[in-house]
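K.L.:
First the structure, then my questions, so here it is.
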Ligand code: PLP
């Protein structure tokens, strides 16, 4: 489909995905049509692709403070999460059958764990989070058992933006010699990814959350971590993820990650100012609105709310008609609107959770976008409430 000219959209859904930056596109282009070799081929074109791949491993390794061979390129954040959980569960199946996690993980984690419970008979403990979506490191430690083989806790939550205390959790988990994975998909563009400081053994990233294309991800696997690949074939990525490497995507991911991480502090400061203005404005101008997630420990561009007396889907459609792209917390997979598992785990009553609104900011947002949202949102909410029968 060819993109049509359209009025400017105020895009406030950067947690869902981001545009690919022009500089990222530019870095990728030669790898489609000029340097299109297969990195496994011995000829010159293949070797050029191999060099780009190796350089990409080195750049990600510098950002993650690890060795280049500990970096595995994958097909998405979902794939990284799946590979991590299944890979460790299979490799350690004789050591134990217990995994510890939280109830607010992305479905790439929760559904993979459900499958491991059903197929391998694993047991999963979900350590509760508090009303801000924060898990206590001591509560994770208390859930560990002699047969615990893996702990998986996300870095930052996609629905409410809460940032977990990974370093503290990692220290407690490692004291017991247990492997620690984090889904860092939402954190990739904004937070430090130093795996030594974070004390993680496996870490998942996804390019499209930080201005790289969709369909490319990273899985960091610390050297010595028990891991069995569940994607087998040509043995690419040192046998940890087979499949011909997506060189344009990988080059795009690396270019975008380097940009995001090198300008992190300045970008975060700008985003925080916009976000705080947005949060303050919504709470002041929309009666019956509440912030969800942690008031301070949250992603710099992430604002999430519940709005009493409105249905999330109706609100999103009404905002869309006004040119504002936003999102809710509730996934609606079965067709029947269900409140989000995240908000439920944070103890929100169903009625409140049904009015979830997520406004996630990014590089391309300007102060006028926030003003526009603050002008439109109260009117839309008032209009929807007028139509709602109680
Ligand atoms: N994990 C988290 C926390 C996410 O927010 C997402 C995407 O929304 C994923 C995993 C999945 O990443 P991908 O879209 O690359 O499969």
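K.L.:
For the range 112-127, does any single residue satisfy the condition of being in a loop (DSSP other than H, G, I, E, B), at pLDDT 95 or above, buried (at least 24 other Cβ atoms within 10 Å of the Cβ) and touching a strand residue (DSSP E or B) at 6+ places or on another chain (Cβ under 7 Å)?
P.N.:
For the range 112-127, residues in a loop (DSSP other than H, G, I, E, B), at pLDDT 95 or above, buried (at least 24 other Cβ atoms within 10 Å of the Cβ) and touching a strand residue (DSSP E or B) at 6+ places or on another chain (Cβ under 7 Å): absent.
K.L.:
Could you tell me how many of the residues in the range 207-236 are without any contact (Cβ under 8 Å) to a residue 12 or more places away in the chain and either touching a strand residue (DSSP E or B) at 6+ places or on another chain (Cβ under 6 Å) or under 19 Å from residue 183 (Cα atoms) (or both)?
P.N.:
Going through the range 207-236 one residue at a time, the tally reaches 0.
K.L.:
Just need a number here: residues in the range 282-308 that are surrounded by 15 or more Cβ atoms within 10 Å (Cβ to Cβ) and in a loop (DSSP other than H, G, I, E, B).
P.N.:
9
K.L.:
Identify the residue in the range 67-110 that is more than 10 Å from the ligand (Cβ to nearest atom) and assigned to a strand (DSSP E or B) and, among all such residues, is nearest to residue 164 (Cα to Cα).
P.N.:
101
The values are calculated or read from the model by the stated rules, or taken from the named source; none is laboratory data. Source: prediction; values computed, not measured. We place every Cβ from the backbone using ideal geometry, glycine too, and count neighbours over all the protein chains shown.
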